[in-house]
Every structure is written in structure tokens, then in C-alpha cells.
Amino acid sequence: MRWILGLLAMVFILAIGGVGAVLFGFYHFGRGLPDYDYLADYEPPVVTRVHAGDGRLLAEYARNERVFVPIEAIPKRVIKAFLAAEDKNFYEHPGVDFVSLLSAMVINARNYGTGRRPVGASTITQQVAKNFLLTNEVSVERKAKEAILAFRIERSLSKDRILELYLNEIYLGFGSYGVAAAALSYFDKPLSALTIGEAAYLAALPKAPNNYHPRRRLDAAIERRDWVIGQMRRNGFISDAEADAAQGEPLVVRDTSASDVASADYFAEEVRRELLRRFGETALYEGGLSVRTSIDPRLQVIAETVLRRGLEEYDRRHGWRGPLATLPVAAGWGDALAAVPAPKGLGTWRLALVLRSDAKTAEIGFADGSLGTISLADMKWARPWLEDQRFGAAPTAVDAVLKPGDVVPVDAAGAAPDGKPAAANSYALRQIPDVGGAIVALDPHTGRVRAMTGGYDAKISEFNRATQARRQPGSSFKPFVYLAALDSGYAPTTQILDAPFVIDQGAGLGKWKPSNYTNKFYGPTPMRIGVEQSRNLMTIRLAQTIGMEKVVDYAERFGVVEGMQPHLSYSLGAGETTLMKMTAAYGMLVNGGKKIGPSLIDRVVDRHGRTLWRHDDRPCDGCNETDWNGGAPPVIPDARAQLVDPASAYQIVSMLEGVVQRGTGRRIAELGRPLAGKTGTTNENFDAWFVGFSPNLAVGVFVGFDQPRTLGAQDTGSSVAAPIFKAFMGEALQGEPVVDFRIPPGVRLVWIDHETGQRSNPGARGAILEAFKPGTEPTGVRTVIDGGMPAGESGSDPNSAEGPRPPVATGGSGLY
């Protein structure tokens, strides 16, 4: 009996000691533990997603790829898969599963020395404690702290909140944090579309994602997935039939579907900059913003295609700059070619090594060992490049251009000019352009940018020539000079003297003697022809007459040039601007003179669905009503400021339409649609522009070298930029109804003679309909603007073919 009492006393003492040890452990390891209260309101860093106008994904910005999903939105099959794999008693234990812990200890003791992986017993709550509050250190102290925190978390948070934190925080490989991001990364599916087998595979990943990589370790991945499915069956989460079907599924990883993604590198980067500027770095990379942009993926593809093609065509016109590299043609040439880094901008083209060449063909080889040929017809453009964008004679033999050992870009050859298909394994010589360019398309009524690309390829340079390149617009600025004059009471038929113009710039600066592109003088000419033919001397005289201060005012109203000086040279486009600003300014011409600002973002929503910002901030009373009684729809006010007389804006539109029909942009008239625009070329042909519009789409094109230099003696806005504009409009407007330019109330259309500006009759030679404000129609009396130049400084010879000068209107205060 005494020994029984002694045993009971010992057990009691050990129990007291055990309880004391546990209490001491709680006290010792529980001191200074991290605060867990913030988990109640914790919002994990979440990826910001940028979408195109049609909903397709455009870009994602995040430090970690994570998509947060509330527990209510996570499918039951996904929850059950993770519970089966990680913590089947999650909803029963108080934070630590003592039953599973004891079972794991027994199993591990039994398996000791067998080489089997130890069985763990950490609960989901313990994993939340470790992932959010502790480190990954492997030690008894960390496990003790983990258990203590698990008890405390269970007392503070609901089971669903703990599970929500876990499922949105856990790393599952492929750079994905949380089950929603993993579902997209592995299977290109939302959680709701996952099968039982796919959910089970994701649940197999938390312990060691790399050990179950679906491509590198497929067998191990399937084995682990099937184990999870077995656990789901064992715990009654799925039926036997569902388990058998799930285990029979192939494990197929799907890349993101191209149909769900839009590509626009320059546009996306510009959006990123704006989000960073507007909301800050933390909100951009951790805030889980949902951003809807204005981009139209169809128009964006057209813009990128026509710009690349236009730059390539320009580049080929100016000759061959030589091979990218040279290699010896010897054994192992395929490996040597494979080691040559692909140049940025190569795109779908391939690198080839010239193996031999003669007068008619070159034999080429690729890194995979395949062979092909280049004929003379497919490299006829490869004249030698010369300084200042000049070029030599067209090659008459292939071996005059391509030598054995040359590494060159090639593309599959197209059909011959006679329509015959290209021979098998026939390739064409290619060259990555070194010229830059950009294109912008926007809605002229709202300013929403529908397409934008800032260069040939963002991989070559992220510098956005649509928004960051400040260049002189040349003659594309002139419409704003003429608009200021129209608003000042002049008419499209106003006669302006086209004659020599000279101004003394001051001591030591010499005289400024601008000239027309043709270096000819045309005498008194209607304003319309000055716009259509881009006459410099007429523009300068008009600016001198109305005053450069007024021109500066209009340039600033339309946002074209900031800080513009009132010098006459600025009337010819000497001030610097960007393509985006010019395109928006032209949009304000065709929309009747209403103020717009270019915008890439339509709306920004936070992770909770609250709108943080939207482009269209007009009030709309009644738009949020849940019921509609069938009456008139709500009227949304037009809050755009009116910058100029709508009649003046239409007169400019009409004259710019004449540029396309009869002037420097006449090659565009082949499209047979109402289109208008203006070319622009700067001194020595450094920059080439074409900016124009249809009634509902404004488009601007710029081409020029990043380090300004000539594009070539004959390369102007008309020959370089206008073809790109034409190609874009031809595709963008295909299938769209033909719409005429809108004529505002009060405008009178009068038949006039195009050359003289005097009244004419319908059907008469050279007769056109001209737009006038009431009271400004031709009266038969011609007054000629000469800019108020002093006698002897400018003018025309009264004995010239132009005849005596008509009465002259003088005035103006601008000086250069």
C-alpha cells in the first residue's frame, strides 16, 4: 500500500512539475511575442491589375503575385482540399491539434531510420502564426512560440478569418501567393473553375512547391496530388466516384491564354507612371487596385503593326548598314550562331549565318541546323547606307552585300511581285530600324487614348516618343495660327501675300529669311491654299498681322506648347511639344473647339470595389436609380470648356480636309473617307509629322531619330509619316459607317473658286464649297495681308507674272 501511495505522490509531483513547466514555458516563450491583433484587419499586399477597355488583362504590378479572395468566395472543394492535406481537424482544435501531434510522434518514431519523410502536425493556425508573425527558423523555441501564438490567435479571430488569411498568404510556387493567384498561374482559371484534381494539386504544394513541379517533376506531382485526393475521400469530403475521377485526370498546366491578355508595352508603362504619380508606390505595388484603361486592343494591334511596318520601310529605303556580327564558317557553326545574343527588336525574325554566296543567291543556316536561301529579289533594297541617310546604287549581285560568315536577320520570303508563292526555305533579308517613331489615336470628344505606341519595340528602348520626346512640330503647328486669324474675323478666302520676307534680328544676328519648301513665291493667295500647300511665308505674314501674342494664346489654350515665346519662327512650329499634346490639340479642332485632355485611365477601383478615381467625373442625376419608368434617360451635362468659336474650328477642319484632298496629304484621299490633317517637317528634315482625324478619331504620327539628325533630303512628313497615318486609318475605320464632319449652326456654305477665293458656281472648274461665318462671304473686293512689313524689306515685284499688288492690309506686332 505504501508503494502505491508513493507512486501516486510521484505522479502528482510530476503532474505538478509538468503543469509548472508548461506554465513556465508559456511565461518564458510568451514574453515579447509579436502583436497579433492587427490580423483582424490585415489586408495582404495584393497585385494591381490593369485592364484594357474590353476587360483583357494588360499588365500586373506587385512585389508578390497575390490576388486576395474573401473566404466566402473560395469554393468549398478548394477549402476541403487544403483541410484534407494540411489540417483535417481545423474546425475542432483550439489552435494546436494534440491528437494529430501525438499521432505524428508515434508515426515518426515507427518510421525512424527508414528514410521516410517525417510527418508534421502543424495546424493551419500555427502556419498563420509562423507566416505572419515569426521566422522560418527551425528550433524548439520557435515551435513553442508558434503554439502559444496559435492559442492566442484562436481566441481573437474566427476560424473562417484564420483560414482566409492562410489561403491568401501561402506561397504555392510559380511566383504565386495565395490560392487565387496560383489557380491563374498553374491552370489559367479562376478558383470557381478548378476541378477537384486541380484543387488537390494546389493543396499538395504548401510544404515544398519545387518538389512537385508539374513539368520538371510530373510523377511526384501526380503522386502527391493523388495522396491529397485520397485524404479528401478518407475524410468524407468527396465520394469514391469523385475521387476516382479526380485521380484519373491528367495534370496539365496551362499558360495564360493570349485571348485574355492585351499587349501594349508603352501604354502600360505610361499607365504605371500615372498610377505611381497619383496614388503612390505602396498603393500601386501592394494595394490591389483594379484599373480600367481606355485602350482598344484592336486599334492597338493596328497601331503597332503599321508603325513597325512604316519604320521598316523607311529604314530599307536608306540602305543596308551591314551584318550584326561575323562568325567563321567552320564545323560547329550552329553552336556558334546559337551563342550570338538575339538583338533587341528582332521579334519574329530569325538570326541566320551566311554559309556561302554568289551573284544570285546566298545559302544561310540557322542555329537548329536547318538551311535556307536568300535571292537577289529578296534583298534588292540593300543598297549601301551613306552618311546623312543617303544611299548607294541598288545591288546587282547577292555576294556584293552578303559574305560568308555574316550574321543577319531574316524573315520568311513573301510572294513574288507576279503573285507566285515564295519557294520553300526562301528567306528575305531584314534590318532592325535605327529610326524612332510613335503613333497615338484618341477619341476627340473625350480625350480617351484608344491606342499608343512609343517606338519600334519597347525592348530596344522604353523611351516613349509619344509622351516623352519633345520635338518641333513644324508645319503641323500652322493650323493654330490660322485658327487664331479666323477667330479674329478673317475668312478662308482672305488673301495673304506669298512673297519674300526678311527681318533684321538685331546686332550680330543677321537677317532672318524664311522660305517656302519649294523656294518659290506665289503672290496673293487665299488662306485655304496656304494651309493646304503648307506655305511658310503666308503663315508668317498672317502671324505678323494678328500678332504673335494671339498665336501664343491659342497654342496655350490648346495645350500645344508651354512657355512659347512670341517670336515669328514659332508660327512655323519652332516650339517643342509632344505627339500626345499635338494629337489632343487636333482632337479639339474636330470636336468643335471643346477642351479635352488626353487620358489613359478610365477608372481606378480599390480592392473593396470603391471607386478611387474616374476620368468622366460629370454628375449624372438619376443614373444610379435601380428602376426605370420608361421615361427619358438622364441628361449628362457637357462640362467641356469652349475654347474657340465652333464655326472657326469647323473652318479649320474644312481646310485640313483640303490638305488631304488637294494638298500635302493627298495620298490619304485614296481611302475615300472624310479625313483631314496636316503634315509637319522641321529644318533639314529632322522630324516628320502627320496629325489628323476622322470625325470620331484623332491620330498623330511622328518619325525621327532619338539623337536628332536628318531623315534624308527627300524625307518629309508627307513621305514618311503620312503613309503610316493612312495605313492606320485604312484598317481602323474598316467596317465603320462613313460619317461627315459635323457642321455647327450658323455656318454658311458658299461655292467659290478654289484658286482665287472668289464666288463661283456649282460644277464650275475648280469650284468648292467653302465655310463662312455670316457676313464674311466674298464680296469681290480683294484685300491682301502682307504682315505690315516696311517698304524694301518684303513684297513682290509689281512687274512680275503675279501682276500689280491689290490693296494691302497692314498691321501686327510680332518680332523675331
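Net charge of the neighbourhood of P674, taken over other residues with C-beta under 9 Å away and scored Lys/Arg +1, Asp/Glu -1, is -1. Roll a 1.4 Å probe over the protein heavy atoms and report the accessible area of D240 in Å², nearest 10. Rounded to the nearest 10, that gives 90 Å². The protection proxy used here, the mean number of other Cβ atoms lying within 10 Å of each residue, ranks peptides 61-72, 571-582 as follows, highest first: 571-582, 61-72.
Among the protein heavy atoms of the chain, carbon and sulfur supply 53% of the accessible surface, probe 1.4 Å, non-protein parts ignored.
Using the 1.4 Å probe convention, the accessible area of the chain works out to 46 Å² per residue with neighbouring protein chains retained. If you wrap the tightest convex hull around every Cα atom of the chain and split its volume per residue, you get 275 Å³. Working from label points 7 Å from Cα in the Cα-to-Cβ sense, the E312 to A331 distance is 3.8 nm.
To the nearest 10 degrees, how steeply does helix 536-546 sit against the main Cα axis of the chain, on a 0 to 90 scale? The angle comes out at about 90 degrees.
For the stretch 493-641, the Cβ-based charge dipole about the Cα centre amounts to some 540 debye (Lys, Arg positive; Asp, Glu negative; other atoms uncharged). Label-to-label distance, D255 versus W227, with points set 7 angstrom from Cα along the beta-carbon direction: 3.1 nm.
Using a cut-off of 24 Å between Cα atoms, the listed pairs K594/K773; K189/K459; K550/K773; K360/K459 include K189/K459; K360/K459 as exceeding that distance. Each residue of the stretch 372-381 is assigned a 3J(HN,Hα), and the resulting list reads x, 9, 10, 8, 4, 4, 8, 8, 4, 6 Hz, derived from the Karplus form 6.51 cos²θ - 1.76 cosθ + 1.60 (θ = phi - 60°), x at Gly and Pro.
Using the Cβ-Cβ distance between R603 and N210 with R0 = 41 Å, the FRET efficiency computed as 1/(1 + (r/R0)^6) comes to roughly 0.55.
When +1 charges are put on Lys and Arg Cβ atoms and -1 charges on Asp and Glu Cβ atoms, the dipole computed for the stretch 161-317 relative to its Cα centre reaches about 220 debye.
The Cα center of the stretch 467-532 and the Cα center of the stretch 539-582 differ in position by 11 Å.
The values are calculated or read from the model by the stated rules, or taken from the named source; none is laboratory data. This is a predicted model, so every value here is computed, not measured. Neighbour counts are summed over all protein chains in view; Cβ atoms, including those assigned to glycine, are modelled from backbone coordinates with ideal geometry. Areas reflect the complete protein model, heavy atoms only, side chains present, ligands, DNA and RNA absent. Shrake-Rupley method; radii C 1.70, N 1.55, O 1.52, S 1.80 Å.
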